[in-house]
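Everything below concerns the one structure shown next.
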Amino acid sequence: MAHPILSPVALSPSNRAPEPAEPEAVVLTCGCLPEPEALLGRPPGTLIVHQAGGLWLDASALATVGYGRAFLGLTEILVIGHAGCRLADSRCDEPGRVAAELAAMIGAGPGEVVALVSDGRGVALDGAIAIDG
Ligand SMILES: [Zn+2]
């Protein structure tokens, strides 16, 4: 029986996910926030995004960062938090701490990981934090 939403496609190299034309940064953020490109005023496809609940540095988040750094050569990683997360055990209200932990985990260079906060309409630096690796 066919899936009501998905249509079957043949798997081939041409079905691979397209790479962004000109990726600029890796973004880690919470699923509570709208699309990161819109928050940052960037065109669609210019960010490598990991958007999941709670701003946790799990294996998936680290794999996304690794992909952006190793395969795309990106040196800007943005950690976007926000206030009032509806998820239990969220770390969304401490993006500076998450960014510092990420920088230590990946051996980031100076300024490579930046913590931002969002109000759902835009972003601002979280205490002007620039993490030194
Ligand atoms: Zn959140």
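Each reported figure results from applying straightforward, stated rules to the coordinates on display, with no laboratory input. It should be emphasised that the depicted structure is a prediction, and the values quoted were computed from it without experimental measurement. Here the Cβ positions follow ideal geometry from the backbone for every residue, glycine too, while neighbour counts run over all protein chains shown.
So the values come out like this:
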item	result
Coil-residue GluC sites (Glu not before Pro) of region 55-125, DSSP, other Cβ within 10 Å capped at 13	none
Projected label distance in nm at ARG97 and TYR67, using a 7 Å step from Cα toward the beta-carbon	2.8 nm
Normalised per residue, the volume of the convex hull around the Cα set of region 40-86 (Å³)	93 Å³
GLU37-ALA59 FRET efficiency (beta carbon distance; Förster radius 25 Å; 0.05 resolution)	0.55
Over region 32-133, relative contact order from alpha-carbon pairs under 8 Å, at least 6 apart, %	26 percent
GLU76/ARG121 FRET efficiency (R0 25 Å; Cβ-Cβ; nearest 0.05)	0.70
For region 17-130, diffusion coefficient by Stokes-Einstein and Kirkwood Rh (Cα), 37 °C, 0.692 mPa s, µm²/s	238 µm²/s
